[in-house]
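Below is one structure; the comments refer to it alone.
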Amino acid sequence: MNSPTHCILLIPALFMVWHPTVEAADEAIETGFVNHVYRNAGHESKYVVFIPHDYDRSKEYPTILFLHSLGQSGTDGLTQAGRGLATAIRKRENDFPFIVVFPQSHERSWLADSADGKRAVAILDEVSKNYRADKTRVYLT
């Protein structure tokens, strides 16, 4: 728990083609709502990342970790990106300036020591490594 990304889950959360996360310098980056799969210890968890339409590898982007309400729990990897913050982003999708990470709770708990909480932080870390996320501007909602 040394980095800020690990501390954010201490705050309680109130609120198709799948492909691995990769960013190669010579590869075009898919923008908008992009489906991903997090893999760990033989398990897969689908999630969504919003990448700004003007994404530029030469600059860093503030990042939001969106922890949905209990009604979007499941394993489809999509439900959590169909409501709440995602709806607001869609209203101004072409100029929304944040990377947004939408993990999905499987066990209906975002507590820091729960499987869902640990997976959300791991997914945030994965996104931060694969995209130009500014690690000093990470926000939780």
Of all residues in region 60-80 being within 13 Å of PHE33 (Cα to Cα) and not aliphatic (A, V, I, L, M), which is most open to solvent (accessible area, probe 1.4 Å)? THR79
When you go through ARG137, ARG57 one by one, which is the residue that is more than 15 Å from the chain's Cα centre (by Cα) and either open to solvent by 50 Å² or more (accessible area, probe 1.4 Å) or aliphatic (A, V, I, L, M) (or both)? ARG57
Looking only at region 42-68, which residues are assigned to a loop (DSSP other than H, G, I, E, B) and either modelled with pLDDT under 95 or farther than 22 Å from THR87 by Cα (or both)? GLY42, ASP56, ARG57, SER58, LYS59, GLU60
Does region 88-102 contain at least one residue that is modelled with pLDDT under 95 and assigned to a loop (DSSP other than H, G, I, E, B)? no
Which number in (1) under 21 Å from GLY32 (Cβ atoms); (2) touching a Gly at 6+ places or on another chain (Cβ under 6 Å) marks the one condition that ASN94 misses? (2)
Within region 81-113, count every residue that is open to solvent by less than 20 Å² (accessible area, probe 1.4 Å) and of a type in the set (Ser, Thr, Tyr). 1
Just checking, which of SER109, SER105 is within 11 Å of TYR47 (Cα to Cα) and outside any helix (DSSP H, G or I)? SER105
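The values are calculated or read from the model by the stated rules, or taken from the named source; none is laboratory data. Since this is a predicted model, take the numbers as computed values, not measurements. Cβ coordinates were reconstructed from backbone atoms using ideal geometry, including for glycine residues, and neighbour counts include every protein chain displayed. Accessible surface is based on the protein model in full, side chains and every heavy atom, while ligands, DNA and RNA are left aside. Shrake-Rupley method; radii C 1.70, N 1.55, O 1.52, S 1.80 Å.
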